[in-house]
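**Q** Here's a structure for you.
The values are calculated or read from the model by the stated rules, or taken from the named source; none is laboratory data. Keep in mind that this is a model prediction, so the values were computed, not measured. Cβ coordinates were reconstructed from backbone atoms using ideal geometry, including for glycine residues, and neighbour counts include every protein chain displayed. Note: areas computed on protein heavy atoms with side chains; ligands, DNA, RNA excluded. Shrake-Rupley method; radii C 1.70, N 1.55, O 1.52, S 1.80 Å.
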Amino acid sequence: MTTTGPDPVCGDANVDPGEDCDDGAANADDGACTTACKNAACGDGLVQAGVEACDDGNQEDADGCR
C-alpha cells in the first residue's frame, strides 16, 4: 500500500509543481507572489504595490496604462 501526503495547496509556503512561487500567508494580488502562486508581472491585470501604478492587462493601447 502506498500512502501520499496532502495534495499541494497554493498558500502553504511550499513551491509545488505548477506554482511559480509560494510565500504562504504573504501571497497577495498586490505582492510579488499572487494568490494564484504566480510571479507578478506587468500585464497580468494585477497592480503590484510599489512597482506599478496601474495594470489593466494592456487590453487597450493609448489608455494611459502601459
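**Q** Which one of the conditions (1) under 8 Å from the mean Cα position of the chain (by Cα); (2) among the β-branched types (Val, Ile, Thr); (3) modelled with pLDDT under 95 does Thr3 fail to meet, given that it meets all the rest?
**A** (1)
**Q** In addition: Could you please give the count of residues in segment 21-41 that are farther than 25 Å from Arg66 by Cβ, in a loop (DSSP other than H, G, I, E, B) and open to solvent by 60 Å² or more (accessible area, probe 1.4 Å)?
**A** Of the residues in segment 21-41, 1 are farther than 25 Å from Arg66 by Cβ, in a loop (DSSP other than H, G, I, E, B) and open to solvent by 60 Å² or more (accessible area, probe 1.4 Å).
Each row is one residue, and each column tells you yes or no for (1) touching a residue at least 12 places away in the same chain (Cβ under 8 Å); (2) open to solvent by less than 70 Å² (accessible area, probe 1.4 Å); (3) part of a loop (DSSP other than H, G, I, E, B); (4) touching a Phe, Trp or Tyr at 6+ places or on another chain (Cβ under 6 Å).
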position: Pro8; (1), (2), (3), (4): no, no, yes, no
position: Gly11; (1), (2), (3), (4): yes, yes, yes, no
position: Asn14; (1), (2), (3), (4): no, no, yes, no
position: Glu19; (1), (2), (3), (4): yes, yes, yes, no
position: Gly43; (1), (2), (3), (4): yes, yes, yes, no
position: Asn58; (1), (2), (3), (4): yes, no, yes, no
position: Ala62; (1), (2), (3), (4): no, no, yes, no
